[in-house]
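The values are calculated or read from the model by the stated rules, or taken from the named source; none is laboratory data. Since this is a predicted model, take the numbers as computed values, not measurements. Quick reminder, even Gly has a Cβ in these numbers, built from the backbone with ideal geometry, and neighbours come from all protein chains shown. Only protein heavy atoms, including side chains, enter the accessible area calculation; ligands, DNA and RNA are left aside. Shrake-Rupley method; radii C 1.70, N 1.55, O 1.52, S 1.80 Å.
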Amino acid sequence: MIRFGIIGTNKISDEFIISAKDVAGFQLTAVYSRSENTGRKFAEKHGASIVYTSLEEFAASDSFDAVYIASPNSFHCFQSIMMMNYGKHVLCEKPVSSDLEELKSMLEVAKSNNVILLEAMRPVFDPGFAKIQELLPQLGSIRRVTFNFCQYSSRYDKFKDGIILNAFNPKLSNSALMDIGVYCVHPLVKLFGMPNNIISKSVFLHNGMEGMGTVIAEYDGMLAELQYSKITTSYLPSQIQGELGSMIIKEIPNTDVIELYFRSGKREVVMIEKHEHNMYYEVKEFIRLIESAESAEEHNKYSLMEMEMIDEIRKSSGISFR
């Protein structure tokens, strides 16, 4: 049994606990919140026994073995390092850090303390992504990739009313790229590696927050287009085009339907059966790594590529967290 603590009492934390409770070996025992009342309500809701309002007391506690971090992006590095220095394994919500240098420092601390650091990048632990990898060779030489994820934020209306919540505060390392675009970036580098060149453009809101963006990534013999947004919704799927056929992916962050169209005229629809909450799979892998004492290096190398590409996109688009 792996006893978990949790940092963050927001909607994503609720979804995490709902998903994780179905994973063998998971037990929530401790909650950290700056507010005793908020922490207590969350703990009672999800069956945790201990609530902390001091981050250091939480980290030093022997009431849990691993922690899920779902705080604002700008806190991920500091909080992860503190937890790992107290011997806790860390599953950190995406994006795992604000930039590449932060992630490198986090991984050094994980190695020195012999603990697991894993980015909670749910799409790539999903059986739907494994099916994409399995079917990809049928398309022949890949020439174009279009990953599309545009989702109107539930907090955007308040922003337009003059209320700037955390999700639209760039000082917390927030942007459409970090919050939404990352779901396109990570699968891209896991499937095809780092691009040779990146060109990107963004739309910015009045407070400097990036609202949406487009990226063109150049590979040898292939182009990738990433389209992401927090201020509009797209109803178009993602697509991978090869010389022999094309793959249509209904939703890249949560793939449950894949359509294949071949030049021969053949068409195939693949339905993926899986858990109704796809955060389930990241928790399952995290617990497996802890219990087997395996390294998370195979997963972390893609997080490193993700953050390297994000740094390049930010540089190209002018995305700042000041």
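Summary of computed values
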quantity: Three-way shape call for the stretch 179-309 based on the alpha-carbon gyration tensor, with the a/c threshold at 1.5; calculated: rounded
quantity: Average Cα contact separation per residue, the chain, under 8 Å, 6 or more apart, as relative contact order %; calculated: 19
quantity: R0 of 35 Å, Cβ-Cβ distance residue 49-residue 163: FRET efficiency to nearest 0.05; calculated: 0.50
quantity: Cβ-based net charge around residue 202, under 15 Å, with every Lys or Arg adding one and every Asp or Glu removing one; calculated: -1
quantity: Pairwise Cα inverse-distance average, inverted: Kirkwood Rh of the stretch 2-120 (Å); calculated: 14.0
quantity: Overall form of the stretch 18-64 per C-alpha gyration tensor (a/c, 1.5; a/b vs b/c); calculated: oblate
quantity: Solvent-accessible area per residue for the chain (1.4 angstrom probe, square angstrom); calculated: 45
quantity: For the chain, radius of gyration divided by Kirkwood radius, i.e. Rg to Rh on alpha-carbons; calculated: 0.97
quantity: Estimated dipole of the chain in Debye, rounded to 20 [Cβ of Lys and Arg +1, of Asp and Glu -1, Cα centre]; calculated: 700
quantity: Accessible-area ranking of 31, 51, largest first, probe 1.4 Å; calculated: 51, 31
quantity: Leading residue at positive end of dipole, the chain (Cβ point charges), from 226, 242, 132; calculated: 226
